[in-house]
Amino acid sequence: METVLLPDFLYSGGKFVSGAAVICDDAGRIVGISGAADDLRSASRLRNRALLPGLVNGHSHSFQRAIRGRTEHRTSATRDTFWTWREAMYRAATQLSPEDIYHVARMAFMEMLLSGITAVGEFHYLHHQADGTSYGERNLLAEEVVRAAREVGIRIALQRTAYVRAGFHQPPNPLQARFITPRAEDFIEGTETLRALLARSYPNDDAWVSVAPHSVRAVPLPYLLEITRYARERGLKIHMHAAEQPAEIEACEAEYGARPIALLRRNGILDPSFTAVHAIHIDDSEIDDFRETDAKVCACPTTERNLGDGIGPADRLTARGVDICFGTDSNVQIDLLEDARQLEYHLRLKLLQRALLAPAGLFRSATVTGAESVGVPADAADFFTVDLNDPSIAGATPDALLSNIVFSAGRAAIREVFVGGRPVIEEGRHPLQEEIVEQFAAVQAKLWSAS
Ligand SMILES: [Zn+2]
């Protein structure tokens, strides 16, 4: 049974075309684009709509949706930074039950779908009970997150995260006990178990596993080499936080005598399957490391501005042909188009120039590059529509429509979302919306009632 969709404008081959329908097969793959009269007649007509490929969120921690709006005040620290935010985040992370994690994840994933995101790379590091004791079922929390994703209808790469220590010469932090897997062989065994489970339960590329060493700080080099070798043997994508904060660079230099990206390059860890999340504080030779290895960068500008991380060199990365994708990371805001435009706007403010990154390139980052980074099949029938009459983009002619969408579309402009050819958002609403919001609000009331 084919699905045939006919919008007013279809984004295809880097431009909007009219009189073209996209044809999807029953397995949820795109099998063709057609202007034939028979296909146009039988198509589901999407009036006043443009249809675009689904946005791919390369980096998310869904549970952090629970601390939205809870860290926007000064603490007793003399200077509030990423590191004071992190302590607040850990306090919430240790309090969420498996059921809470499921409800918070459903909320985050539904908001992603409502904003046109059809696949998410979920960088998942909550593995154990708060005191570090394992659940009887080792992947219980990962399974809850995947269950949440599939219930709301988003594709998910569960980026199973290895976390070993607080840092070089750092004493253990009890608030990190929930994340830690001390031995690489246990991490690999747990990952294999989850892979087998997801392959059995979700055969249609709806959910799969990637490997995510947390950072150079949290994973010592021998462990890192062991799990990246494993990932490569299995053909799994590798995602890793890198060069987000200056203190991380200093610690890496103290431990290894090298900056993080240079260390990864020297040890053969950078390759086309590798994505470095953030890569903000990098120098020209590290940009060359990305270029020469075809490793990717995942920028998370809405989170990076929220945390005061800094502004990455997206202009220099792009000029040298390094691929950038986007992530919503802390989920302080879930709007990948906002991440795309902020990548450009941050550079404008810093460099006092305009139009450094082209809208088509930003949109490619949010779709094609994201899909390559996370592992979404290139022919996945994942789409979102925009209402051409929405006030935020109304009046845009086809030649200016993409710039309007990238720089100006509000979330209300996004009306339908399809994953694997099937509608998951219709008329800007999710079928489970009320129940998901209600359950999430109950978790929030419980989590924050004491404060
Ligand atoms: Zn992150």
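The values are calculated or read from the model by the stated rules, or taken from the named source; none is laboratory data. Computed from a predicted structure; not experimentally measured. No Cβ is skipped: glycine too gets one built from the backbone with ideal geometry, and neighbour counts run over all protein chains shown. The protein model used for the area step is the full one, side chains on, heavy atoms only, and it has no ligands, DNA or RNA in it. Shrake-Rupley method; radii C 1.70, N 1.55, O 1.52, S 1.80 Å.
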Sum of side-chain charges, Ala371 neighbourhood, beta-carbon under 12 Å (Lys, Arg +1; Asp, Glu -1): -1
Sparse-neighbour loop sites [trypsin sites (Lys or Arg not before Pro); region 31-82; at most 11 other C-beta within 10 Å; DSSP]: Arg74, Arg79
Carbon and sulfur together cover what percent of the accessible area of the chain at a 1.4 Å probe radius? 51
What's the center-to-center distance, using Cα atoms, between region 339-398 and region 152-221 in Å? 29
Segment Gln170-Glu87, length gained on full extension (0.36 nm per residue, minus Cα span): 28.4 nm
Tell me, what is a quarter of the convex hull surface for the C-alpha atoms of region 200-283, in nm² with one decimal? 6.2
Mind checking the per residue accessible area of region 189-345 for me, 1.4 Å probe, whole number of Å²? 33
Longest principal axis of the chain (C-alpha) makes with the long axis of helix 82-93 (C-alpha) an angle, in degrees to the nearest 10, of 80
Distance histogram for region 16-135 (every C-alpha pair counted, 10 angstrom bins, percent rounded to whole numbers): 10, 28, 24, 16, 14, 8, 1
Tell me the net charge near Thr3. Cut-off is 9 Å between Cβ atoms, Thr3 excluded, with +1 for each Lys or Arg and -1 for each Asp or Glu. -2
Amide hydrogen neighbours beyond the local backbone of Val31, cut-off 5 Å, H modeled: Ile23, Cys24, Asp25
Based solely on C-alpha atoms, express the radius of gyration and the Dmax of the chain in angstrom. 21.4, 69
In what sequence, highest mean first, do 218-227, 91-100, 158-167 appear when ranked by Cβ atoms within 10 angstrom? 158-167, 218-227, 91-100
Enumerate the aspartates and glutamates that Lys15 could reach by cross-link, defined here as Cα to Cα under 13 Å, with residues fewer than 8 away along the same chain left out. Asp399
Percent antiparallel among DSSP beta bridges (both partners in the chain, rounded to 5): 40
Do any GluC sites (Glu not before Pro) in region 373-451 lie in a DSSP loop with no more than 11 other beta carbon atoms within 10 Å, and if so, which? Glu427
State, as an integer percentage, the relative contact order of region 402-451 based on alpha-carbon contacts under 8 Å between residues 6 or more apart. 19
Length-normalised contact order of region 1-131 in % [C-alpha pairs under 8 Å, at least 6 apart]: 25
Average accessible surface area per residue within region 347-440, 1.4 Å rolling probe, Å²: 46
Please identify the GluC sites (Glu not before Pro) of region 120-168 that satisfy two criteria: DSSP loop assignment and at most 16 other Cβ atoms within 10 Å. Which are they? Glu137
Inverse of <1/r> over all distinct C-alpha pairs of region 344-451, i.e. the Kirkwood Rh in Å, gives 17.0
Relative to the longest principal axis of the chain, what angle (0 to 90°, nearest 10) does the C-alpha long axis of helix 246-256 take? 50
Percent relative contact order of the chain, based on C-alpha pairs within less than 8 angstrom and at least six residues apart? 19
Hey, can you find the accessible area per residue of region 26-127 for me, probe 1.4 Å, expressed in square angstrom? 38
Within a Cβ distance under 13 Å of Gly14, other residues only, what is the Lys/Arg minus Asp/Glu net charge? +1
Where in region 356-387 does the label zone of Glu2 land, with the point 7 angstrom along Cα→C-beta and an amide N cut-off under 14 Å? none
Over the Cα atoms of region 140-187, each weighted equally, I'd like the Debye log10 I(q)/I(0) at q = 0.19, 0.23, 0.31 Å⁻¹, rounded to two decimals. -0.73, -0.87, -1.14
